[in-house]
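Accompanying notes for the structure given below.
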Amino acid sequence: MPEQCGRTFGEALLSGYLDGTLVQGDEQRVRLHLEDCESCRTLVDGLAAVKETIMTSTFDMPPDNEWSEGPSTGSSRVARGVGWPLVIGWAVLVCGYAVWEGWQESENLVERLILVGGVSGLGLLFLGVLLDRLKAMKTDPYREVQK
Ligand SMILES: [Zn+2]
């Protein structure tokens, strides 16, 4: 068990070590311990793997598996083409509802500005993603698969 290895710091430091967010003293302490403690090296490797999985799945935006209807790339492309506008429409509805609700409840102008600013920022992000998608679909060899 890692607790029995003589480690004098918590897992938070190991995690920070991975992220490179530790101050120099802590960083050195972790590095020295890792040099002669195999169980902590294993732990750090595990953390790194988890982080990598999270990063990869976060940036792998289009949920191909969820939208695809079959093994054919043609139908999965079509499904994705339909899926994205649905997702965007849903996001717009949710944002609109959130703004409406927040608008009713907020007391002053500043709160409303923060609300509208945040939500329209999100909206713009979604719009950007949508435009990228549409552009990608146009440049895809899409028609060739469709027959
Ligand atoms: Zn250790």
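The values are calculated or read from the model by the stated rules, or taken from the named source; none is laboratory data. Because the structure is predicted, anything quoted here is derived from the model rather than measured. Glycine also receives a Cβ, built like all others from the backbone with ideal geometry; neighbour counts cover every protein chain displayed.
Restricting Trp84, Trp103 to residues that are modelled with pLDDT under 80, exposed (fewer than 14 other Cβ atoms within 10 Å of the Cβ) and not acidic (Asp, Glu) narrows the list to Trp103.
Within region 1-37, the residues that satisfy the criterion of being free of Cβ contacts under 8 Å to residues at least 40 places away in the same chain and near the ligand (Cβ under 8 Å from one of its atoms) are Cys5, Gly6, Arg7, His33, Leu34, Cys37.
Tallying residues that are exposed (fewer than 12 other Cβ atoms within 10 Å of the Cβ) and closer than 21 Å to Arg112 by Cβ within region 87-97 yields 2. Candidates are the residues of region 1-45 that are surrounded by fewer than 10 Cβ atoms within 10 Å (Cβ to Cβ) and polar (S, T, N, Q); the one that is farthest from Met55 (Cα to Cα) is Gln4. Scanning region 73-132 for residues that are of a type in the set (A, V, I, L, M, F, W, C) and touching a Cys at 6+ places or on another chain (Cβ under 9 Å) yields Val119, Leu122, Phe126.
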